[in-house]
Amino acid sequence: MSIVHIGVYATNWKIFPFFGPQKQPDGTYVLSLPAKSNKPYPMIDARKDTGHLVYALLQVPPGKTVMGFGSMISWDEYMKLWGNILGIPGCRFQEIDLDTAAKLVPGNMEVGYDIAEGIAFIGEFGFAGGDFTVLYPQDVSIRRCRPKFDNLTQVKLGVDCPTTSMETYIQKEDWSSIL
């Protein structure tokens, strides 16, 4: 059996508004989550990338697990990128505690705690919970990694597995509902 772990959905802000940057009185935006600001999270545009990930797994021998993401990016980096692309200076990330985060889900603090604890878990143990056998998209294909690398990655399984970087996602997304 092969498995695709889908990373943090880049579109979560559409379902749960607290996952999106919030406008401040001074015109800047702040994203507040129960996460460490500098811990990388696997973020994915699931609408565009899930099919590529599943197809890649179908091309290789069974028994592989792939972490689906377009960018492994910290919340600090994400907010700086978001602000730069949209031309909004001063955008930032703010870490909040679990109780504060749970209250951000209207009408259901139990669901709020589930979401908040999931975010905190990823920050502490990683999305795969410390399973070092999990492959990344670049482990199954040759592709350019962004934003930190601009070189071709090592071929491991030799299957094409394109994914969408958060830079591309932010550029192409319609943010008018929160701007």
Query raised in the report: Could you sort Ile3, Ile44 by accessible area so the largest value comes first, with the probe set to 1.4 Å?
Result: Ile3, Ile44
Report summary line: Once both label points are put 7 Å beyond Cα along the C-beta direction, the Glu124-Asp97 separation in nm becomes 1.5 nm
Query - For the range 50-138, radius of gyration divided by Kirkwood radius, i.e. Rg to Rh on alpha-carbons - result: 1.06
Report summary line: Here the Cα Rg-to-2.2 N^0.38 Å ratio for the range 2-56 is 1.42
Query raised in the report: Cross-link list Lys48/Lys172; Lys14/Lys172; Lys36/Lys172; Lys39/Lys172; Lys39/Lys80: which exceed 19 angstrom alpha carbon to alpha carbon?
Result: Lys36/Lys172; Lys39/Lys172
Requested in this report: Could you please report the charge total around Thr65, scoring K, R as +1 and D, E as -1 over all other residues with beta-carbon less than 12 angstrom from its beta-carbon?
Outcome: -1
**Report entry** Largest-first principal axis extents of the Cα set of the range 6-109 (Å)
**Finding:** 53, 35, 23
Query raised in the report: Just by accessible area at a 1.4 angstrom probe, what is the order of Asp49, Asp76 from largest to smallest?
Result: Asp76, Asp49
Query raised in the report: How far is it, in nm, from the label point at Phe132 to the one at Asn84 when both lie 7 Å from their Cα along the line to the Cβ?
Result: 3.2 nm
Requested in this report: Could you calculate, for the range 65-110, the ratio of the Cα radius of gyration to the Kirkwood radius, expressed as Rg to Rh?
Outcome: 1.11
Requested in this report: Working from Cα positions, state the angle (0 to 90°, nearest 10) between the long axis of helix 75-86 and the longest principal axis of the chain.
Outcome: 80 degrees
Query raised in the report: Anyone know which of Val60, Val134, Val30 comes out most mobile in the 10 Å Cα GNM of the chain?
Result: Val60
Report summary line: In Å, the Kirkwood hydrodynamic radius from C-alpha pairs for the chain sits at 17.1 Å
Report summary line: Of Leu33, Leu81, Leu179, ordered by accessible area with the largest first and a 1.4 Å probe, the sequence is Leu179, Leu81, Leu33
Query - Size of electric dipole in the chain: Cβ of Lys, Arg +1 and of Asp, Glu -1, about Cα centre, debye, nearest 20 - result: 520 debye
Query - Candidate aspartates and glutamates - alpha carbon under 18 Å from Lys103, same-chain residues fewer than 8 apart omitted - result: Glu95, Asp114, Glu117
Query - Mean residue ellipticity (222 nm) of the chain, computed from DSSP H runs ≥ 4 via -39,500 (n - 2.57), nearest 500 - result: -9500 deg cm²/dmol
Report task. Express as a percent, rounded to the nearest 5, the fraction of DSSP beta bridges in the chain (both residues included) that run antiparallel. Result -> 35 percent
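The values are calculated or read from the model by the stated rules, or taken from the named source; none is laboratory data. Being a predicted model, the structure only gives us computed values, none of them experimental. When we count neighbours, we look across all protein chains shown, and the Cβ atoms used for this are built from the backbone with ideal geometry, even at glycine. The protein model used for the area step is the full one, side chains on, heavy atoms only, and it has no ligands, DNA or RNA in it. Shrake-Rupley method; radii C 1.70, N 1.55, O 1.52, S 1.80 Å.
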